[in-house]
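Before any comments, here is the structure.
All of the numbers you see were taken from the coordinates with simple rules; none came from a lab. Everything numeric in this text was worked out from a predicted model, so none of it was measured. Counting neighbours? That spans all protein chains shown, and the Cβs are built from the backbone with ideal geometry, glycine included.
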Amino acid sequence: MNIKIRMTRADNIAQFGTKPVEMPIEEYLCGVVPAEVYESSHREALKAQAVAARTFALKRALAGTVMDDTTLFQAYRYGLASSSPRSRQAVEETAGQVLCFDGAIIDCFYSASNGGLTKRSGDVWRKHYPYYVNKTDPWDIAANAEKPTKASHGVGISQIGAMWAAKNGVPYNDILAFYYD
């Protein structure tokens, strides 16, 4: 499956120009995962991010959406795609895996931190999805105790929570199951 992306970052424009380009989704993810989380993150956190990012991108690709390379959609850095072997491995190890609810690909969101409480999507935006619920996030709390991070919308994965959980032995599929009920 290919995705369409319009480049806005200088390094991406230098490689692709400003017109929308198509690329295979798995190659696109190799530039998204290390732009969204640290390349040095535990492998299970990278894998969780790869599945979440793939789900987000595929949902939009199937709708015909032309994404851009910013956090309005997902951060994408061409230069990181070839210089981030751990992220590339996480993408390869989860190839084709997406999150579904009732047989359909979910509208997958994530943020840097949820401040210790996962958010119900309807409490943040107009639309409520049944797989986003309010609950205490002990992983985000523990990560913030080590190094405080500014909370954002809090819907879906807390990236710092996922990194903390992975570092402490939680596999990526359990991380995903916690953040997407």
List the helices (runs of 4 or more DSSP H) that sit entirely inside region 99-178 and contain at least 2 residues that are touching a residue at least 12 places away in the same chain (Cβ under 8 Å) and crowded, with 17+ Cβ neighbours inside 10 Å.
138-146, 159-167
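Being in a helix (DSSP H, G or I), in contact with a Ser or Thr (Cβ under 9 Å, 6 or more places away or on another chain) and farther than 20 Å from SER87 by Cβ narrows it down to one residue among LYS59, LYS4; which is it? Quick ask: steps written out before the conclusion?
Details: LYS4 fails: in a helix (DSSP H, G or I).
Result: LYS59 is the single residue among LYS59, LYS4 that is in a helix (DSSP H, G or I), in contact with a Ser or Thr (Cβ under 9 Å, 6 or more places away or on another chain) and farther than 20 Å from SER87 by Cβ.
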May I ask you to list the residues in region 7-42 that are part of a helix (DSSP H, G or I) and within 14 Å of the chain's Cα centre (by Cα)?
ILE25, GLU26, TYR28, LEU29, CYS30, GLY31, VAL32, VAL33, PRO34, ALA35, GLU36
Among (1) surrounded by fewer than 18 Cβ atoms within 10 Å (Cβ to Cβ); (2) in a helix (DSSP H, G or I), which single condition is LYS47 missing?
(1)
Go through region 82-98 and give me each residue that's small (Gly, Ala, Ser) and assigned to a helix (DSSP H, G or I).
SER82, SER83, SER87, ALA90
Among (1) under 15 Å from the mean Cα position of the chain (by Cα); (2) surrounded by 13 or more Cβ atoms within 10 Å (Cβ to Cβ); (3) closer than 23 Å to GLU27 by Cα, there is one condition GLU93 misses while meeting the rest; what is its number?
(1)
Boolean, GLY79 is among the small types (Gly, Ala, Ser), closer than 11 Å to TYR179 by Cα and either touching a residue at least 40 places away in the same chain (Cβ under 8 Å) or outside any strand (DSSP E or B) (or both)
no
